[in-house]
DNA sequence: CTGTTAGCGCGTTCAC
DNA sequence: GTGAACGCGCTAACAG
């Protein structure tokens, strides 16, 4: 049996309450007493039983996820993962809720954050929009003692406690590297489709992609970036026009959403191209299987949600997080290592 | 607040003990009473608080991992992950131990399993060797009520409760697909290095690799498989000889261990080759960064260990496991999406 | 067959 | 400053 608070109390010659005060770093303990207790803790190798502690506290953690609304499949997948995690909320003593706001709408995001703070949530996870209103809302949360993590798209430089998502520069590099190798010495230019350069993750991916492509042995021309606003219809039009206008097109990298439009355009005329996109969804999975898409770069939404919950709980309790363990990997999927379809769609 | 056993007792008009008997499916309850309690459980939407239950039981789960000994870096990494998971054993009420046995030694593995059963462990995770002794030992564990999971290399057809590892046929296909695409229309033959065809995972990887290569648009000759017995020295010799004897060698796939020998041989003369190997270790990481290796296929040892623990605990409690959640993914790493080096070495 | 009671390890009033 | 006692949700003795 491992040591309990009783053992420590006995070892240190004090009562349970005093041990508890020392353990939770609360006032009302003399320095000498505290030292005695700490010595006992160290010598016995005590580790607190978190489950029992939570049981005693009977504390619940209301956590809110603020996500962009709309039909972006990745975001809807993220939402589904939050709901799924909510099923386990019982055992984890956490109560999860999702709030959706218009995409790229900084004011709406800030409002949602303020509402959450007012409600007294114990943590906020949000897909950050790069705007001053959001910086300010994060600061207000900080003042209110509510931890904030950014999800998928970061806002470094703000007061957010943690970022949960992939290294987007590395993601772009990975795409460029794969594109270069898959194309080999085949001639032709490459097109890049983005959502909007106004969000950080897209900008970072582009940066990494261009760097990797230019480092390839075979120099290759990259067409000016197409901005599809993550909108399927606009993306379709941009790609269709591009396919018509660029006879020697060799590859396409879509670093944003809007895959549906891209795939629709490729269905018309899209063989022989090297196509690399982000996010494994029902659509991209199908296109990977049928050979229309060559590779999908993915961030696991389920991992991200669970990581956000762990981090927010830890921060709410004032604990430190193991950054290495919370790092989100960039998955490379090709037709052959595609995992079986998940419950929502993956 | 969610309902507790007290609420159920009140709702059903019985005592706590009766509720507990029904919940844990223990005898000594009349059919009518049982039905009443079950109705109350359903109507209140009760879900048991596992943490509290474990606390009350103060049960511990002694789990044993049986791994091949020797300097196979992947296996040592697995062992390190078990030790790391052991640090959390406190909170999970699990006591982890590792036993190493000579690699490919079925009798030693069977003995270790019998010893574990005799010790009264509540679960066994083992890297399976494909032999009758092991089948028999698994059956004995089953009779003793001790759940068994196979790790990394499966033994389907045996009585093992679960397999934790990657789909090795898909892994081979993935390697073949990447090899084919990376080589493109470059001419040359491809060599395959294996440990031993006597273990299932190696056989399955080869099968997948050959299938994928033959499905490529450019037909390419594959040299006869080299069996390095997962031994660095033998692997070195085989590859060095191959490099000398095959002037038009274009690529090498190592589907087993022994990467150290392979890398040593490549250091002598190994530029311009497409090299794909398994398992991300300190060695393969370095070779990936320096460009000697083009891709590493990996199974996350940490995930595997944690999955094994979850599955064994569930089986020990007679619970069902969510197979989809426990599936181990095949990671593809290239230079650009390499995660930061982990605590042990990755 | 069913109910009572005493903890599991910890946090938290309250008194002293 | 410090300590005793109760309860979190559940299980397991022991009565009845």
What single numbered condition from (1) modelled with pLDDT of 95 or more; (2) under 28 Å from residue B:340 (Cα atoms) fails to hold for residue A:188?
(2)
Out of (1) within 13 Å of chain B (Cβ to nearest Cβ); (2) within 25 Å of residue A:208 (Cα to Cα); (3) modelled with pLDDT of 90 or more, the odd one out for residue A:324 is which?
(3)
Filtering segment B:295-312 down to residues that are crowded, with 21+ Cβ neighbours inside 10 Å and either in contact with a helix residue (DSSP H, G or I) (Cβ under 6 Å, 6 or more places away or on another chain) or part of a helix (DSSP H, G or I) (or both) yields B:295, B:296, B:297, B:301, B:304, B:305, B:307, B:308, B:309, B:311, B:312
Filter segment B:1-19 for residues that are more than 15 Å from residue B:42 (Cα to Cα) and buried (at least 18 other Cβ atoms within 10 Å of the Cβ); the one that is nearest to DNA strand D (Cβ to nearest atom) is B:18
For residue B:35, which of the numbered conditions (1) surrounded by fewer than 18 Cβ atoms within 10 Å (Cβ to Cβ); (2) in contact (Cβ under 8 Å) with a residue 40 or more places away in the chain; (3) more than 16 Å from DNA strand D (Cβ to nearest atom) fails to hold?
(2)
Condition first: crowded, with 24+ Cβ neighbours inside 10 Å and within 13 Å of chain B (Cβ to nearest Cβ). Now tell me which residues in segment A:178-210 satisfy that.
A:178, A:179, A:205, A:209
From the list B:93, B:84, exactly one residue is in the same structural domain as residue B:141 (by TED's automatic domain parsing), within 21 Å of residue B:122 (Cβ to Cβ) and in contact with a strand residue (DSSP E or B) (Cβ under 8 Å, 6 or more places away or on another chain). Which is it?
B:93
Across (1) within 14 Å of chain B (Cβ to nearest Cβ); (2) within 16 Å of DNA strand C (Cβ to nearest atom), residue A:22 clears everything bar (1)
Would you mind telling me which numbered condition in (1) in contact (Cβ under 8 Å) with a residue 60 or more places away in the chain; (2) not in a helix (DSSP H, G or I) residue B:81 fails?
(2)
Of the residues in segment B:35-52, those that are within 10 Å of DNA strand C (Cβ to nearest atom) and at the interface with chain A (Cβ under 10 Å from one of its Cβ atoms) number 2
Do we have any residue at all in segment B:59-79 that's within 20 Å of residue B:15 (Cα to Cα), within 16 Å of DNA strand D (Cβ to nearest atom), surrounded by fewer than 21 Cβ atoms within 10 Å (Cβ to Cβ) and within 14 Å of chain A (Cβ to nearest Cβ)?
no
Consider residue A:9 against the criteria (1) more than 9 Å from DNA strand C (Cβ to nearest atom); (2) modelled with pLDDT under 90: it satisfies all of them except one. Which criterion is unmet?
(2)
Take the residues of segment A:85-94 that are within 10 Å of chain B (Cβ to nearest Cβ) and in contact with a helix residue (DSSP H, G or I) (Cβ under 8 Å, 6 or more places away or on another chain): which is nearest to DNA strand C (Cβ to nearest atom)?
A:93
Please state which of the following conditions residue B:24 fails to meet, knowing it meets all the rest: (1) outside the structural domain of residue B:312 (by TED's automatic domain parsing); (2) more than 12 Å from DNA strand D (Cβ to nearest atom); (3) under 33 Å from the mean Cα position of the chain (by Cα).
(2)
Checking residue A:56 against (1) within 28 Å of residue B:57 (Cα to Cα); (2) near DNA strand D (Cβ under 9 Å from one of its atoms); (3) exposed (fewer than 13 other Cβ atoms within 10 Å of the Cβ); (4) more than 41 Å from the chain's Cα centre (by Cα): exactly one of these is not met. Which one?
(4)
Within segment A:144-176, considering residues that are surrounded by fewer than 24 Cβ atoms within 10 Å (Cβ to Cβ) and part of a helix (DSSP H, G or I), the one nearest to the other protein chains (Cβ to nearest Cβ)
A:170
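The values are calculated or read from the model by the stated rules, or taken from the named source; none is laboratory data. Keep in mind it's a predicted model, so treat the numbers as computed, not measured. Glycine gets a Cβ as well: all are built from the backbone with ideal geometry, and neighbour counts include every protein chain shown.
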